[in-house]
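These notes are about the structure you will find just below.
Each value in this text was obtained by applying a stated rule to the coordinates, not by laboratory testing. Computed from a predicted model, the values in this text were never measured in an experiment. Positions of Cβ are backbone-derived with ideal geometry, glycine not excepted, and every protein chain shown enters the neighbour counts.
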Amino acid sequence: MTAYLANLATLAAIFGILAATLNVAVGYAGIFSVAHAVFFGLGAYAGAQLALLVVPDALLAMVVAALVAGGLSLCLALPALRVRGEYFVAASLGLQMMATTLFTEAKGLTGGMGGLVGIPRPMILGVEVPTLALALTALVLILLATWLMARGSFGRTLRAIRDAESAAEALGKNINAAKALAVAFACAGAGVAGALFALHMSFVNVESFTLDQSVLIMAMVIVGGTGTLWGPLLGAVLLLSLPAGLSFLPFIPPTEIGAVQQILYGAAMTLLMIFRPAGLLGDMRTGRKA
Amino acid sequence: MRLSRRALLGSAIAAPTLARAQGGDPYVLGTLFPLSGPNAEYGKVFTEGVQLAMQHAEAERMLRRPLRLQAEDTQALPQQAVVGMTKLVNVDRANYVMVGFTAVSKAVAPIGDRSKTVMVNGGAVGPDLAGLSPYFWNTIPLAHLETREMLPFMMRRNLKRVALVYVDDPLGDAILGIFRNDLPRAGGELVGSFSIPRTAQQFGPVAARIRQTRPDTVYIASFGAQQGQIIKGLRDNGVSVPLTSYSAMNLESIRNLAEAEGLLFTSQQTDFASGDELTRRYATDFKARFGSDPGTYNTNYYNATRLFCLLAGKLERENKEVNGDTLRAALLEQKEFDLVGGRATFDEQGSMTAAIQINEVRGGRVNVVTG
Amino acid sequence: MLFLQLLLGGLQTGALYALTACGFALIFGATKVFHFAHGASFTLAGYLFLLLWNNGHPAWLGVLAAIAVATGFGVAMERFVYRPIQRHEGGFFTVFVAAFGVSLVVQNLVGMWAGRGFVVADSSLSRATEVLPEVFLAPVFWVSLAVAAVLFLALGIFLTRHPAGVALRALSQNSDLIRAYGLSSHRLSLLAFALGSALAAPAAVLTAITTGMNEAVGHHVMLISMAATIVGGVGSLKGAALAGLSLGVAESVVLNFADPQWAEAASFVVLFGFILFRPSGLFGHAVAR
């Protein structure tokens, strides 16, 4: 049981990082991306290849993953600097679909559909460490960074862009730089999550980095409450433990378990959105039309 | 959060008590199949095989302790599979876990390896699934071996120019390799190979490209709902040559597809009409319980479950504990088992080899082709 | 000849994409709701048609039932999901998550009720014959094009001549103005959902006959509709229809130059390119900055 809960907690921490970083883009800068799984994947492949080919050092893997994902996030920042709202959603959708194809085809780097197997357990300075501890530490650091950022002047700039972009521009804020920085931070965070994911699973393939995964991460942010510190984390824990918890229901016939779980899961999401549109921790009064 | 945690803890306490209440600590058979999503049809098919084998084992009193089925939904995705597998290993204390699908198998193999839990695959058939772990076995001949058996048959039928439509995964790759290397040696020629994404739905354009290569046959290496779409897409768009494939085609939705008439595919040998007593009883009881003829995958998971019952029964008679190591030792000691379809042999890695037969879809039924 | 064949095949697919995309664009333009569950209307319509057809009912009954269920679903979504959310000033993605949840429910209910896996309505309409050397066309090609043309014509007339249609167009341009003139924007929203969802039904029926359905088909439909709406320019039905058609053609014609595994990515490269270089779409107003 402990091992089971530890595994769930590790995944929850990893997805907590994903949701928290996406929240920086969505909740603070108003950049709606459904391509977060792309950067999750980039980080996972980078971390996995490093561990497989060079050294299974967890810290190094996370740093490299963050650099790769953060660096390539310029692909995402490019449209982010040009368009807003629905347009950006569609641009990120395009990026996600292209990336899925590339992940499948670039077999030398990603292993394609077959994926990368036998990724070694994470080490720090030659000592094996549990991924749970790593993931929790990374999560705390990222939440801390988010909190500091949200309070500082950078956070105010981002919120100004989110609420009234033209006004922020008129006030002399450097919108492009702020947006690019927010995107780079979010994507580097996703890369760290990816490296942790690869080390935790010891197997990765393209099926973990599809549009469905991006949508799930987005749902975590929305369900928890955008623009709040703890909301995305709560959303991640909830959306991961709901299906896991449902699998304990003893009375469903084996062939219908999947469908019943998915129906309850879908219905829960919809009802939550109808009754708490700003998310669980979101402030109902400040819910806005994006 | 409080609610979900309480639910988790609550069931953690409830699960073991429940198991004990059912009498004499049942053996827990875990399954990690896709029960929702685009591959859910397989989950249903796999589970039916397991259920029938459990029914037979209980009727025959093969084991002293009862059996309990614990199904976890994977959606055929690695992450969900890892969650399910850790639950089966750590919470349900599963004695034996049945898996399907390549990514799922690869993702759960390290967990089973660490906890010494036997995992058996009867559905995914990529060559990369042999020797994943000492505790990872296959009750299905790996598909590229099936394809090799198909070559002489193709030559006899004068299907020499082959066009391949394949999903670009390890299985598709292996099949492509066989057509590139072994087909010319057998006297045929690979005239075109078309890799398709897993999510592709439209096959009219691919059909146009295939027609241009003027093949004698089109070999399809995909799985799930996509196979039906490929067959229909090819047939509707002027590809009229015989279609060939491997055991993934043995699905009810394919048998019932009008366009699949004449489809030729390999599977392991199962002679339901005149085979041994075990095979005949299986075919009759399957039809009685589920209302249709059994397919390859029903059989593979029936066999996987039966294999556990045979091994655990042997261990019970020898008064040994049933765990991953003793099961593995028992498997390697005996190696040959009477399963549905005849005698099956396992190699050192726990992969089964069995005779291959060639089937043809005719009028919604699957018939064995001879010669 | 290969090119001609691919072009014609692409037109057939594109005509169906155009219908669903146009429905989505109509809803999005008039109500600003990103109707992510549009694919679920499509799934329900296709499966109901299949059920009736495979039980030997006449095709017209199946088509009517398909239209009815798609319309009913769209209206119910507006009434019971989107409107309560919007009353709370829920954001764009709140709607998205709610609709995503509904899509999951529909997909799995359909799977439980109709069985999982591939299903198709067996019909001779989809069987192609050689019309020119090396060019195969099925009767369904002409049916698809004709259905799309007739529906677009009817929709065009409705939107320009009928008062409700004119009001609908006005709503997509300025919802405050509509209220100022004393028209009910709620009633018009319902109308937009009914019309938009109904447009998905013929496409679903034709898909059930040609490529067949599985319970997860709505996902793909949704992606294409969304991409076409953006490429066409938000608010432009003409643009969405044309973009849907082009996406279908692009997906097919790309096989003349590249291997099939790149076909799907090709459509999205087009989408990505459009957003970068012409964010207002084919016929859109310059709404980007």
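Near B:Ser292, once Lys and Arg are set to +1 and Asp and Glu to -1 for all other residues with Cβ below 15 Å from its Cβ, the sum equals +1.
Checking the cross-link pairs B:Lys106/B:Lys335; B:Lys44/B:Lys116; B:Lys232/B:Lys335; A:Lys179/B:Lys87; B:Lys116/B:Lys335; A:Lys179/C:Lys32 against a 31 Å limit on the alpha carbon distance flags B:Lys232/B:Lys335; A:Lys179/B:Lys87 as lying beyond it. Maximal additional length on extending the B:Asn158-B:Asn367 stretch stands at 73.2 nm, based on 0.36 nm per residue less the C-alpha distance. Charges on Cβ only, +1 for Lys and Arg, -1 for Asp and Glu, centred on the Cα centroid of chain A; of A:Ala66, A:Ser247, A:Leu109, which one is farthest towards the dipole's positive end? Ranked along the dipole, the leading option is A:Ala66.
The mean number of partner chain beta-carbon atoms within 10 angstrom of a residue's beta-carbon across peptide B:78-91 is 6.
Between the exposed loop cleavage positions of chain B, defined as GluC sites (Glu not before Pro) in a non-H, G, I, E, B DSSP state with at most 11 neighbouring beta-carbon atoms within 10 angstrom, the longest gap is B:1-317. Amide H contacts of B:Leu164 (H built 1.01 Å from N, in plane; Pro and chain starts excluded): B:Gly192, B:Ser193, B:Phe194, B:Tyr219 sit under 5 Å, all sequence-distant by 5 or more or on other chains.
Across region B:96-108, rounded Karplus estimates of 3J(HN,Hα) from the backbone phi angles (6.51 cos²θ - 1.76 cosθ + 1.60, θ = phi - 60°) give 7, 10, 9, 10, x, 6, 4, 4, 4, 4, 5, 6, 8 Hz, Gly and Pro being marked x. Screening chain A for DSSP H helices whose Cα atoms reach 18 Å or more along their own axis and whose mean Kyte hydropathy is at least 1.6 gives A:58-72, A:131-151, A:211-224, A:231-246, A:257-275. For region A:2-210, the relative contact order is 45 percent, taking Cα pairs closer than 8 Å that sit 6 or more residues apart in sequence and dividing their mean separation by the residue count. Looking at chain A as a GNM with Cα springs under 10 Å, which of A:Leu144, A:Leu22, A:Leu181 has the largest mean-square fluctuation? Largest GNM mean-square fluctuation: A:Leu144. Remark: mean inter-chain Cβ contacts per residue of B:228-237 equal 6, using a 10 Å Cβ-Cβ cutoff to other protein chain atoms.
Comparing A:Ala195, A:Ala150, A:Ala25 in a Gaussian network model of chain A where C-alpha atoms under 10 Å apart are linked, the largest mean-square fluctuation is found at A:Ala150. The 3J(HN,Hα) values that the Karplus relation (6.51, -1.76, 1.60; θ = phi - 60°) gives for region C:77-86 are, in residue order, 4, 4, 5, 9, 10, 6, 5, x, 5, 5 Hz. Gly and Pro appear as x. With the highest mean first, a sort of the peptides B:29-35, A:239-245, B:282-288 on other beta-carbon atoms found within 10 angstrom per residue produces B:29-35, A:239-245, B:282-288.
Against chain B, whose longest principal axis comes from its Cα atoms, helix B:225-236 is set at around 20 degrees. When shorter helices are ignored and each DSSP H run of at least 4 residues is given -39500 (n - 2.57), the per-residue value for chain A at 222 nm works out to -23000 deg cm²/dmol.
Counted over the protein assembly as shown, the DSSP beta bridges are approximately 40% antiparallel. For trypsin sites (Lys or Arg not before Pro), the sites in region B:24-85 that DSSP calls loop and that have at most 15 other Cβ atoms within 10 Å are B:Arg61, B:Arg64. Mind checking which of B:Met249, B:Met155, B:Met352 has the largest fluctuation in a GNM of chain B, springs on alpha carbons under 10 Å? Highest fluctuation among the options: B:Met155.
Each helix, a run of at least 4 DSSP H residues, gives -39500 (n - 2.57); summed and divided by the residues of chain B, these come to -15000 deg cm²/dmol at 222 nm. Mean per-residue shielding of peptide B:254-263 is 2, counting Cβ atoms of other chains within 10 Å of each Cβ. Against chain B, whose longest principal axis is taken from its Cα atoms, helix B:296-317 shows a tilt of about 30°. Helical content alone sets the calculated 222 nm signal of chain C at -24000 deg cm²/dmol, taking -39,500 (n - 2.57) per DSSP H segment of four or more residues and averaging over every residue.
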